[in-house]
Amino acid sequence: MDHTDVAPIAEMLEERRYLIDVAYWMLGSPSEAECVVDETYRRWYRLPNGVRKRITDPRSWLAKTAGELCLDRLALPDWADGLPATVPDPQGTELPPATEEEEVGPVVLDALDVLPPAERAAFVLNDVFGMSPDTVADIVGHTEPEYAELLDRARHYLRIQRSRPTTPKEHDILTRAFRQACVSGDPGMLVRLLSPDVTAWFDGGGKVRAVSRAVRGSRQVADSMLTLLALPLRTTLSTHSVNGRTGLVARYNHQVAAVITLGIADHRVTQVWVVLNPDKLHSWNQPSLPGPTSA
């Protein structure tokens, strides 16, 4: 018997409860959270005994593993399509308490669905569960300065959404209008859809030549998007479900080259996230990926 795995019942149950809460806040589904936690423990027990004994803080290892599993799921195309629009807190327990930075409530939970996985993980793990910056940076696969920027983006967007929430219908209408402006190459139409202080981020992951800094301002963002999405032969831009809401998918030669999500508040686009990193687009280019929802 491995006595390193013996713990009081209360400690074991509290540990599992904590992991389920982490996974629930990242995925928004009690059933998905349970699956992640089950797989987390399977990975723990697949470790050689000697490796497990050298882990001085098992709970931190388990939380890190659960967070990485959640990020893997969030990166899958249409991972949230089968989830209900709203879900109860798992097992009817109280939600994690609000922090001084953000009031965690239904509006924030809904807004989390729009955030890209890394930003969502940064906010949940830091502001909701209080994990250390180095741990969160490790989980999301970024340096600490990059992680701090992810967290700032998430806080900024969630703060706007909390005061000026957007319905899924309005999000869909504005995303389709954004697509039409890009397809037609109409800078005036695109600028009118953007908030004056809109910010766009381009995640190339160092794997493609993308803008390395945030682009700010409606005219600058419009010019950047129209340049990026110039549509020569064999390039298409279509609407597609991304993280449970309408997003955009750019394809070149039938391969997904970019996935775009929009943050919308007060009837304008306030945030644009463009994923260009081929590693993050790998799951989008699997043969099972369904076609676009519109041309």
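A short reminder: the numbers here are calculations on the coordinates, not readings from a lab. A quick note: this is a predicted structure, and the numbers were derived from the prediction, not measured. Cβ atoms come from the backbone with ideal geometry, glycine included; neighbour counts cover every protein chain shown.
General observations
- Here Lys280 is the anchor, and the lysines within straight C-alpha reach of less than 25 Å, apart from those fewer than 8 places off in the same chain, are Lys64, Lys207.
- The distance between label points at Lys169 and Gln220 comes to 3.6 nm (points 7 Å beyond Cα on the Cα→Cβ vector).
- Hydrodynamic radius of the stretch 165-284 per Kirkwood, over alpha carbon pairs, in Å: 14.3
- Placing a pseudo-label 7 Å from each Cα along the Cα-to-Cβ vector at Leu233 and Arg16 gives an inter-label distance of 6.1 nm.
- Given R0 = 45 Å, the distance between the Cβ atoms of His254 and Ser132 translates into a calculated FRET efficiency of 0.55.
- Taking the average, over residues, of other Cβ atoms within 10 Å as the packing measure, peptides 253-264, 19-30, 169-180, 210-221 rank 19-30, 253-264, 169-180, 210-221 from highest down.
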